[in-house]
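Presented below is the structure to which this report refers.
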Amino acid sequence: MVTQRAVPVGGPPSLDSFVKSITKIEASQVPGMVDHLISLLKRRQIRGSRNTAVATANLLMRVVSATKWSHVDAIISKIREIGRRLTRAQPRELAVGNIVRRVLGLIREEVENDSPPPSASLPAGTTLSLQSAHSTQGGVPAAPLGQPSTSMFSLLSQNPTPQKDKSSHSSKNIKAGIMEGIREILDELSTADDLIAASALEHIHSNEIILTMGYSVTVQRFLLRAAQKRSFTVIIAEGYPNDQDKVHQVLSGDPDSPGNSQIAEDSHLTFQQTLTRAGLIVILIPDSAVYAMMSRVNKVILGTHAVTANGGLVAAAGAAVISKAAKEHRTPVVVVAGAYKLSPVHPFDVEGISEHGDPGKAVRWEDADMVESCDVVNTLFDYVPPNMVDLYITNLGGHAPSYLYRIVADHYRPEDVSLDG
Amino acid sequence: MADSKSPPKTLDVVVSSPKSASSEATPQSPANPTNAQNKQQSGKQKGQQQPKAASKPDAAAAPAGEKKLSAKELKEQKKAEKQARRAQAKGDAAKDGGPAAGGPEGKPQPQQQKKGGNAPQKGGQNQNAQGGQQHRKGGHQQHHTQGPSAGASKTVDPAFHHLDSTKEVALFKHLEDTKKKREISDGLVPTEGIHPSVIALGLKMITYDICGSVARLVATLLAFKQVILDYTTPPGASLNRDLNHHLSPQIQYLNAARPNATAVRNAIRWLKVEISSSPIDITDSEAKARLTDRIDAFIQEKVMAAGRVIAESAAEKIRDGDVIVTYAKSAVVQAALLEAHKRGKKFKVCVIDSRPRFEGRNLARTLGTAGIDTQYSLITSLNYIMTNMNVTKVFLGAHAMLGNGYLYSRVGTAMVAMMAKDTEVPVIVLSESIKFTDRVQLDSIVQNERAPESELVISAEEEGDASGGLREWEKVKNLQLLNILYDVTPASYINTIITEYGSLPPSSVPVVHRLSTGT
């Protein structure tokens, strides 16, 4: 399978170099590119929800365009296989799996749109019996099952679709539709933060005290948008020992210094327009002072790494304690996250979510003698249960945690939730 | 007051063997040896104006960790010297002024010599030869030589001199700002009438060389003991009235260096009562001997013995297989864990720590070296520790136990207690009753202590050249740093408080406070 590696030349591998190289390669190099992304994920050279999502979408677009298939099941199983390998390479980057599932959903949708109305070919299976049950209960005449896009029944009617329908379409039409769909996903990835920020004024009033943690582009844009109209105070917990460098540099850094432009490139942070320059008063606190300050905080706004199907968060370490402290003080916790971070996966293995980082960040070189006699643990992620969160703001609007399952259902097909098998 | 109460039975065993208790206590009170050392040195160096000569033996004598502070220590010594001269000048004046004063003054001197290395004593002899005029000159020279030495320790300083009001967090403006501390360590605060040992102590508190309320309590009492020994009752006054007046400026000086710890305040209140209840029919030296004995007994009983009793009863609560979480560093928690280890208990300790003081590293090192299974994490990993490590107990130290049962302790303690409550792990506070107060507080903002903001700046040496984003923070408009020292943990998070009187619920704090103060 592995023929040759399309490893880009010049500079350390990053998202940009990956995206650039993937548009140039020949069709025969696509399998090598899959391996390349797997190794980038494994080595964490591409990390963070947005970056991995962009890389995955670009890869899948190339895979779809390069693959010839006679039967639609072939491309579906191929993408499932790639998705399986990518998620296995980096199980904590849930966004990778999300994008794979979105693309799978796209393919299925294209096939259905091309196929004749399902009502014509559907046998009287489960769907019809459900429909009749509904109509007898509600006393409302059953709507014709022509449009499968939004109705709950369509979700249930997926599997009985006969396979011969799918194969009967020209793969060219479908392919164009799928490519268009992936491009839309990429668009969504780049505009999600702006759409989220657009609702900032609905959530922040003047003179408010907002607490946030670490650095997050989504949170930064959200606050900056609100700062255009209102003046308020932002308390930032620095997220020591993993995030403090970026937090410090974003707050006080010089946008032109080479180190900062690298950070800006990697994490899409804006140095030109910082919170302080926008006129906000920013109070930087050590993570230990969160509880002490919480009694004066009006809202906690957190960014997140991923959102699980039940409304829980996989966020930077420290988020769980902060949201717990907020709960203790009855302070609302608002989570801002693009819909691409929303995963259909349920967090059955909470322990597995917590990735361990470099212990060397938690101790200094001078403390070498201490390390000899004790373990040092530095976790990167916290799982925050859904009852700790009061509101989610995505690019689709604001939602209660209890509503997230519905958005999950909108984005992913139930048959794609598990990529295995 | 406290001595009139008979100590509880558990105390008797320990009190009866004061030697073992005091040897146990030495690590708890680093103030003790260093103080003596310093004094000895300042005595030796008397008359030498060269700062280099003064700093060299000092640095050699100081433990490795204190090397960096040689500039500070140097200043300390200079202060001590200067102060000694002033004190002597006064003494001289008194001698010249009236023969009546000469009588009582003769007595403390031999006593001081017995103690060894007393600054005023030797300085005085020097001064006598040089004369008063010379002395004043010397004082001025001190001021000049202080300039460069203050400059040498500029690494943290500049922040304070330029800190304007827009850099202060509005919510905390009511708290004593850090300017005063700076002024003290820069020698800008008049030290007229302040005893050299008190000045030395104040400077050590500012630099956190003496940190933790028990260590500060012991150091303060020892310094005051020195003040009492060097005190001479002025003519026409009585010791039991005048000594308290004499102590007041010393207390104020310490309070300006760092707001006095609750334990220190409690001890000062006790000491004042003790002084004013001195019998009037005994001589000054007898009264002084009585007071110093009382102070020694107070330290033995309220700190050393109490600490041992608490450590022992806390160690009893540890079982094999326990996973114990503790936050930052508390001397009595450390003693308890070591005691349990000594008794052969097999348990694991998770030390949670936080920026900028990293006190937990010290604890983790001590426990790890002693052979205890120790794990060290920062407070961001707290949720992981509490949910995945099967934690069975949380041991917390205290700065003060408030009258409403709330715990006033190192900032971050409340979060650890909160998570423990959330995961249904018992929270056990270890606190000597001297830390109990009738003061009440509901949040961490009304009453707190601000530490210098510049402590939050990660220096280039610490993290390599990649970091240091905050070095220019003062120039960034609208950016404020907040570095508070304490937070308040609600009583509802606390399951039990172990004191030398036994284990109690937080609601019993005021009862114990009344009991221990006898009010």
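Listing for the model above:
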quantity	calculated
Charge dipole of the range B:241-341 about the Cα centre (unit charges at C-beta), most positive-ward option of B:Leu271, B:Val325, B:Ile251	B:Ile251
Accessible surface of A:Lys42 - all protein chains present, 1.4 Å probe, nearest 10 Å²	120
List A:Arg44, B:Arg216, ordered by accessible area with a 1.4 Å probe, largest first	A:Arg44, B:Arg216
Distance in nm between pseudo-label sites at B:Leu171 and B:Ala370 (7 Å out along the Cβ direction from Cα)	3.6
Length gained when the stretch A:Glu81-A:Asp194 is fully extended (0.36 nm per residue, less Cα-Cα span)	37.4 nm
Environment charge at A:Val314 (Cβ cut-off 11 Å; Lys +1, Arg +1, Asp -1, Glu -1)	-1
Local net charge near A:Leu104, Cβ-Cβ under 12 Å (Lys/Arg +1, Asp/Glu -1)	+1
Interface area, A with B, accessible, probe 1.4 Å, both sides summed, Å² nearest 100	4800
Magnitude of the charge dipole, the range A:199-416, Cβ model with Lys/Arg +1 and Asp/Glu -1, debye to 20	1300
Shielding by other protein chains, A:381-393, mean Cβ within 10 Å	1
Area accessible to solvent at B:His513, 1.4 Å probe radius, in Å²	20
Cβ-based net charge around B:Thr387, under 14 Å, with every Lys or Arg adding one and every Asp or Glu removing one	-3
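The values are calculated or read from the model by the stated rules, or taken from the named source; none is laboratory data. Computed from a predicted model, the values in this text were never measured in an experiment. Note that we place each Cβ from the backbone using ideal geometry, even for glycine, and neighbour counts take in every protein chain shown. Ligands, DNA and RNA are stripped out before the accessible areas are found, and what is left, the full protein with its side chains, is counted by its heavy atoms. Shrake-Rupley method; radii C 1.70, N 1.55, O 1.52, S 1.80 Å.
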